[in-house]
Each structure stands twice: as structure tokens, then as C-alpha cells.
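Here is the structure we will look at.
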Amino acid sequence: MKYHFRLHQSFEAAARRIATEQIRLAERQLSHTAAAAQARGVSVHEARKCLKRVRALLRLLQPSLRSSDFRRENVALRDIARELSGTRDLQVMIETLAKLKTGLTSDPPRMMPAPGLAEYIDHASLALTRRLADVHEDKAGSHGKILDHLRQARHRWRRIELSDQGFRAVASGLERTYAQGRAALSAIRLDSPDEDYHELRKHVQSHWRHMLLLQMAWPETLHARAVLARQVSQLLGDDHDLAVIAAMASDNPPAHGTAENRKQLIALCQTLQGDLRHKLQPLALRLYADEPARFRKRIRDYWSQAVRRSASEVDENEPRAARAPRPLRAFAPAHAQGHGSE
């Protein structure tokens, strides 16, 4: 299933195709959740990724959608994602603790070891594993309801309508979400609250998926942007995972271990967060280097030129006698032709 717009398919038709494909894929993933716990975790994770792709599509299209349609679909997808989030959040916490312990116990250790900290992490991980098993059991009967909600959403997307045609259908949404990410980046510092970094991550994830959706405008260039955005998103995701572990140790410490162990774990998470923030800063600045309006115009020009080039290639493959005369303005640069396609 191709998560991108096609050059010669309307954005409305493409939106319907992409959303219904992703929702159907989420349905298939969730239909496998009766398997072992580990397989259930993978299926839920894959289903959540499908929902994130659809929500990113929804944000891109928001200015071209009826406000009632946007609100309805956004709330529906958000609520479904929340139903699935509990098990995934616990699984991520367990995986993060495992990474921390590996860094403490490797030879040579990648992190400075502290007495008793590895054992403290073991007890925390065991407690979370037990909670995960309980949550799986509690949610065992809820997937049927979630599947019903997904089917309803898929049928609604088949009738979705956009108020704009051509690149105008996505232009405003692209500029707005890019501007939101750029503003979030400009507002944070190395010592900013964890919530500010998490907010930036949400915008970066949207931009990453928007570049995938529009990649046919210039596959090499926009794929490179998508790779960069994904890299920034992963660094921000690791930062968030460490923040969650630090909050757990602060607010709900495991029954085993000492107060000193808890302080050590929090300090370790904060140190690693600082390293991540130093690493992601230059990458994020590169990602959001353009002014929003300039960025929108550049992507619009890429799309317009790609559509023209694709049409030209189709013409070249037609029998010579069947070719229509090609006006010279088809070869003019975008700035000389006006921007009617937006």
C-alpha cells in the first residue's frame, strides 16, 4: 500500500484511497491480537502507526475539509488510539528500562555503573511486565468494539470531500503544520520542560508523514527530508521515553530498591536526555530552516513541475501521429507561468 499522493490522481480521491487503506491495515493488525502477548504488542504497535498516518493526512487536509468532518474524524481516531495506547506505553517503558540496564551491564559499560541500580531496574521492569499482563487481560474483549469504530471510520472516509482542488487542497495545511513545528522548535531550550519536547515531536511526526505523502513531487529530495524528520522524531521519542521513566521513578517508585537508587535512575535519564537534545538540535534546525510560506511555495513548485514532467513523458510514449501540439509555455519555469495550480 503506497502512502503517497499520485501525480495524476486528485487529492480528494487519493485521500480516500490512502485513509481507507491505512484503516483497513489497522483492522487486519488488530484481528491478530488473540495471539501471544508479544505478538499482540507488535500488532497493536503497527495498528497505532496506521492511525498516526491517517491523522497526519487529516491535519494536512484540514483547511480543505468541512470543520465538522475534521472534528468528527480527528476525535474518532484520537479515541481509538487512546484505547490502544495503554499496552504500548507499558511495552515502551519495559524496553527503555532494558536499554538502560544494557548500558550499565555491558563490558565495558556504556554508562557509569551505580551500585544496586541494575537490580533496581530489574524490579521496575518486572512490576511493569505484570501490569502489562493485567492490561492485556482487561482489554481482551475491547478489540471487537475498536474494530467496529474502525470500520465506521473507513466507510466515512469513502465519502470525504475537499473544498479545494489541485495543490490548493494541501497547501494551507502543509504551511500551517510546518509553521507549528518551526514555532515549537524556536520555543525550546536544552533545559525546557519535557512537555515542550513532546509537543515538538508531534509536529515533527506530522511533517515526516507529510513529506511521505508528497514525495512524488521530487522523490529523492522529499525522501531525504522524510528520513531527516524521522531521525529527529526518533531522538525526540527516546527523550520522551526517558522522561516517562524518570517520572515513574519520581512519582511511583518500585517497592524494591532505595531512595538513592531512585535518584540515580532519574539522574541517569536526565543525563541521557541532555545528550539527545544536543544531538537533535542541529538536525531540527536544518529541518525547519525555511520560512513557512517559502517552504510551501517550494513544495508547490516541485509538485507542479513533477506533474508537467510526468505528462510530458506520457506524451512522448504516444504514437507521433496522435500527439497534440505542445504549447511552449509548458516548458517555462514555474515563476513565469503564475501559480494557478495552487
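The values are calculated or read from the model by the stated rules, or taken from the named source; none is laboratory data. For clarity, every value in this text was computed on a predicted model and none was experimentally measured. Heads up, the Cβs are rebuilt from the backbone with ideal geometry, glycines too, and the neighbour counts pull from every protein chain shown.
When each of Ser192, Ser172 is tested for being out of contact with any strand residue (DSSP E or B) (no Cβ under 6 Å at 6 or more places or on another chain) and either touching a residue at least 40 places away in the same chain (Cβ under 8 Å) or assigned to a helix (DSSP H, G or I) (or both), the lone residue that passes is Ser172. Among the residues of segment 215-225, are any touching a residue at least 40 places away in the same chain (Cβ under 8 Å) and not in a helix (DSSP H, G or I)? The answer is yes; a qualifying residue exists.
Between Glu21, Glu83, Glu95, the distinction of being at pLDDT 85 or above, in contact with a helix residue (DSSP H, G or I) (Cβ under 7 Å, 6 or more places away or on another chain) and surrounded by fewer than 22 Cβ atoms within 10 Å (Cβ to Cβ) belongs to Glu83 only. Taking Thr96 as the residue in question, decide whether it is assigned to a helix (DSSP H, G or I), touching a residue at least 40 places away in the same chain (Cβ under 8 Å) and either under 23 Å from Ala267 (Cβ atoms) or in contact with a Ser or Thr (Cβ under 6 Å, 6 or more places away or on another chain) (or both). Yes; evaluated as a whole, the condition is true for this residue.
Conditions tested, residue by residue: (1) charged (D, E, K, R); (2) touching a Lys or Arg at 6+ places or on another chain (Cβ under 8 Å); (3) at pLDDT 95 or above.
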| residue | (1), (2), (3) |
| --- | --- |
| Leu228 | no, yes, yes |
| Leu235 | no, yes, yes |
| Ala249 | no, yes, no |
| Ala284 | no, no, yes |
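Restricting attention to segment 244-267, the residues that are closer than 21 Å to Ser192 by Cβ, among the hydrophobic types (A, V, I, L, M, F, W, C) and over 27 Å from the mean Cα position of the chain (by Cα) total 3. Under the condition of being more than 23 Å from Leu51 (Cβ to Cβ) and of a type in the set (Val, Ile, Thr), which residue from segment 185-227 is surrounded by the most Cβ atoms within 10 Å (Cβ to Cβ)? The qualifying residue surrounded by the most Cβ atoms within 10 Å (Cβ to Cβ) is Ile188. A single entry from Val232, Val244 fulfils the requirement of being touching a residue at least 40 places away in the same chain (Cβ under 8 Å), β-branched (Val, Ile, Thr), assigned to a helix (DSSP H, G or I) and surrounded by fewer than 19 Cβ atoms within 10 Å (Cβ to Cβ): Val244.
Residues are listed down the side, and each one gets a yes or a no for (1) within 30 Å of Gly237 (Cα to Cα); (2) modelled with pLDDT of 95 or more; (3) charged (D, E, K, R):
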{"site": "Thr271", "(1), (2), (3)": "yes, no, no"}
{"site": "Lys279", "(1), (2), (3)": "yes, yes, yes"}
{"site": "Phe295", "(1), (2), (3)": "yes, yes, no"}
{"site": "Gln305", "(1), (2), (3)": "no, yes, no"}
{"site": "Ala321", "(1), (2), (3)": "no, no, no"}
{"site": "Phe331", "(1), (2), (3)": "no, no, no"}
{"site": "Gly340", "(1), (2), (3)": "no, no, no"}
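Within segment 264-278, residues that are free of Cβ contacts under 8 Å to residues at least 24 places away in the same chain reach partners that are buried (at least 19 other Cβ atoms within 10 Å of the Cβ) and of a type in the set (A, V, I, L, M) with beta carbons closer than 6 Å, at six or more positions or on different chains, in the pairs Ile266/Ala246; Ile266/Ala249.
For the residues Gln180, Gln165, the requirement of being at negative phi, surrounded by fewer than 16 Cβ atoms within 10 Å (Cβ to Cβ) and either at pLDDT 95 or above or assigned to a loop (DSSP other than H, G, I, E, B) (or both) singles out Gln165.
A quick yes/no check of all residues on (1) assigned to a helix (DSSP H, G or I); (2) at pLDDT 95 or above; (3) not aromatic (Phe, Trp, Tyr):
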{"residue": "Cys50", "(1), (2), (3)": "yes, yes, yes"}
{"residue": "Arg55", "(1), (2), (3)": "yes, yes, yes"}
{"residue": "Arg88", "(1), (2), (3)": "yes, no, yes"}
{"residue": "Met111", "(1), (2), (3)": "no, no, yes"}
{"residue": "Asp122", "(1), (2), (3)": "yes, no, yes"}
{"residue": "His136", "(1), (2), (3)": "yes, no, yes"}
